1. Kindly state which helices (runs of 4 or more DSSP H) lie completely within the range 92-190 and contain at least 1 residues that are touching a Cys at 6+ places or on another chain (Cβ under 9 Å), crowded, with 22+ Cβ neighbours inside 10 Å and β-branched (Val, Ile, Thr).
2. Can you name every residue in the range 29-75 that is over 18 Å from residue 103 (Cα atoms) and either in contact with a Gly (Cβ under 6 Å, 6 or more places away or on another chain) or hydrophobic (A, V, I, L, M, F, W, C) (or both)?
3. Mind checking whether some residue in the range 109-128 is touching a Leu at 6+ places or on another chain (Cβ under 8 Å), among the hydroxyl-bearing types (Ser, Thr, Tyr) and in the same structural domain as residue 196 (by TED's automatic domain parsing)?
4. How many residues does the range 38-60 hold that are over 17 Å from residue 73 (Cβ atoms) and surrounded by fewer than 17 Cβ atoms within 10 Å (Cβ to Cβ)?
5. Check whether at least one residue in the range 47-61 is under 16 Å from the mean Cα position of the chain (by Cα), over 19 Å from residue 111 (Cα atoms) and without any contact (Cβ under 8 Å) to a residue 60 or more places away in the chain, and report yes or no.
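The values are calculated or read from the model by the stated rules, or taken from the named source; none is laboratory data. The structure displayed is predicted, hence computed values, not measured ones. A quick note on method: Cβ atoms are made from the backbone with ideal geometry, for glycine too, and the neighbour counts reach across all protein chains shown.
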Amino acid sequence: MFIVLGWVHSFVLPYLWFNCVTPDRLSRDPKGYIRRSVATNSNTPRCALRRLARDRWVDVRWNVAVNLNTPRKTQKKLVLNGSEDFRKAIAIHPNTREYILEELAFDREVDVRWNVAANPNTPAKVLAKLAGDNDMLVRLCVAKNPNTPGYILEKVADDRNRYIRKAVINHAHILGKTLVKLSCDRDRYVRRAANIMESDFFRGR
């Protein structure tokens, strides 16, 4: 009994104090760098993260936005109301949740959509949407995204821009039928690259 109580007193209570009580108190600290550190802590209580989402320091708000413990409603409001640079940084961050990436895929600023298209964690359904974006560089980012699946690459292989079609050829997820199609492309540079890749592709099968 005394051993258990001693363990609780020595380890459990300090842990709860540091990870639950301390972050909530420090989220009110006047020093910005302290509040920023609290915003990065995955054990920071949600009530404290909601408070920090209104912080005057943009670095604090940014860390709240990528904190996996931040409530969904708070995170969404914080990101969508942020500046263009803020949304760009969130769009490429590895911790950004899928529902935020889905929202940012419709962003009015093309730079934000570039980063969504380039983020390896962007879900396939969002990449499929961005594969038809009006901006050429967004579509190019989709073609170069390492996690773009083969069925989306097949769609991108019909792009009007030859640089995008050529980027598809070098993708690890390209399908054999897509490579065969590009080996008959109307552009000779694309055809040449596809023919070189085609021989290596089918030789390894």
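1. Working: elements: 98-104, 110-118, 124-130, 136-144, 150-156, 162-169, 176-182.
So the answer is 110-118.
2. As a first pass, look at the range 29-75 and keep what is over 18 Å from residue 103 (Cα atoms): 29-61, 63, 69.
Across the range 29-75, the qualifying residues are 34, 38, 39, 47, 48, 49, 52, 53, 57, 58, 60.
3. no
4. 7
5. Initial filter on the range 47-61 (under 16 Å from the mean Cα position of the chain (by Cα)): none.
No, that holds for no residue.
Condition check ((1) under 30 Å from residue 143 (Cα atoms); (2) at pLDDT below 90) across all residues:
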position	(1), (2)
16	no, yes
20	no, yes
27	no, yes
60	no, no
74	no, no
103	yes, no
107	yes, no
112	yes, no
120	yes, no
